[in-house]
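The values are calculated or read from the model by the stated rules, or taken from the named source; none is laboratory data. None of the values given here were measured: they were computed from a predicted structure. As a convention, Cβ positions derive from the backbone with ideal geometry for all residues, glycine included, and neighbour counts pool all protein chains shown. Side chains are part of the model used for accessible areas, which takes the heavy atoms of the whole protein and leaves out ligands, DNA and RNA. Shrake-Rupley method; radii C 1.70, N 1.55, O 1.52, S 1.80 Å.
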Amino acid sequence: FMTDSALQQDLAEYRLENGYGVKVLEPLKRQHMTYSDETRQNSIDVQFEALAPPVMLGDGNHFEQAMHARGELVLRGKRHAVDSFHMRDRSWGKARPEANLPLPPFSWITAVFGADFSLVATVFDDPRENPEITGRFALPPEKLVTSAWVRREGRVQRIVAARKRVERDSVTLLANRVDAELTAENGERIRLTGTRFNSMPWRPWPNLQSL
């Protein structure tokens with residue numbers, strides 16, 4: 001329900017009517033994100049600095065980039081220092097269909113452990129680890145990885161195979177624990193274990209429910 005005034009500078013600098021704004025300080029290297037809600041005493045003032053160049057995913061119109069975030073977050077008047085890592089996600093030109101799309105359970109794993117170690121893995125659940133996945137949802141091992149990479153000490157390797165087991169809550173289907181073994185193209189194996197501390201629903205696509 002906004003005008004297109006936010007597009008005047010081609011999204012290099014914009015502010016939405018809800019108080020959220022972004023300014024590109026240096027393309028593909030530094031960004032400044034701000035937000036202000038004076039009524040609720042909430043605000044954000046965080047700068048993001050790239051730890052490494054972006055890495056394209058397999059489809060050619062989407063990249064991920066390890067970032068270092070520093071700044072301040074204010075929630076209901078209480079100030080919190082921000083100093084953490086995260087993975088930037090950027091895509092363009094993709095159609096967002098609303099038709100039903102039956103897919104096996106799927107994980108989008110992103111991890112940044114510092115400037116020298118980060119990874120992204122988009123991986124379907126493995127029927128070898130979850131016998132409840134049958135029929136058209138049971139993909140062969142060579143099709144479990146859709147796109148994935150690992151960067152270690154400045155070198156990017158594609159992840160070519162994965163084996164993943166997810167323990168989910170029987171009522172909410174939220175993942176309680178994830179165990180994954182990823183194999184890079186140079187033969188390196190990376191073992192990851194994650195447990196859920198909190199969660200929130202997210203709808204990145206109209207026909208997709210993420211948890």
Within region 148-193, residues in contact (Cβ under 8 Å) with a residue 24 or more places away in the chain, surrounded by 12 or more Cβ atoms within 10 Å (Cβ to Cβ) and among the small types (G, A, S) come out as A148, A162, A175, A180, A184
Picking from R90, R70, R76, the residue that is over 30 Å from G135 (Cα atoms), more than 21 Å from the chain's Cα centre (by Cα) and open to solvent by 90 Å² or more (accessible area, probe 1.4 Å) would be R76
**OP:** For region 104-119, indicate whether the set of residues that are touching a Lys or Arg at 6+ places or on another chain (Cβ under 6 Å) and within 23 Å of G60 (Cβ to Cβ) is non-empty.
**Re:** yes
Inside region 194-211, the number of residues satisfying the requirement of being open to solvent by less than 50 Å² (accessible area, probe 1.4 Å) and either modelled with pLDDT of 90 or more or part of a strand (DSSP E or B) (or both) is 2
Counting only residues that are in a loop (DSSP other than H, G, I, E, B) and open to solvent by less than 30 Å² (accessible area, probe 1.4 Å), region 110-126 contains a total of 2
Among the residues of region 24-47, the number that are in contact with a Ser or Thr (Cβ under 8 Å, 6 or more places away or on another chain) and open to solvent by 70 Å² or more (accessible area, probe 1.4 Å) is 1
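Here is a list: A12, A81, A95, A6. Which entry is exposed (fewer than 10 other Cβ atoms within 10 Å of the Cβ), over 30 Å from L192 (Cβ atoms) and either touching a residue at least 60 places away in the same chain (Cβ under 8 Å) or among the hydrophobic types (A, V, I, L, M, F, W, C) (or both)?
None of the others qualify; the one that does is A95.
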Result of the Cβ filter at 9 Å on region 48-60, keeping first residues that are farther than 24 Å from V145 by Cβ and open to solvent by less than 70 Å² (accessible area, probe 1.4 Å) and partners that are part of a loop (DSSP other than H, G, I, E, B) and not charged (D, E, K, R), at least 6 apart or interchain, is A50/L28
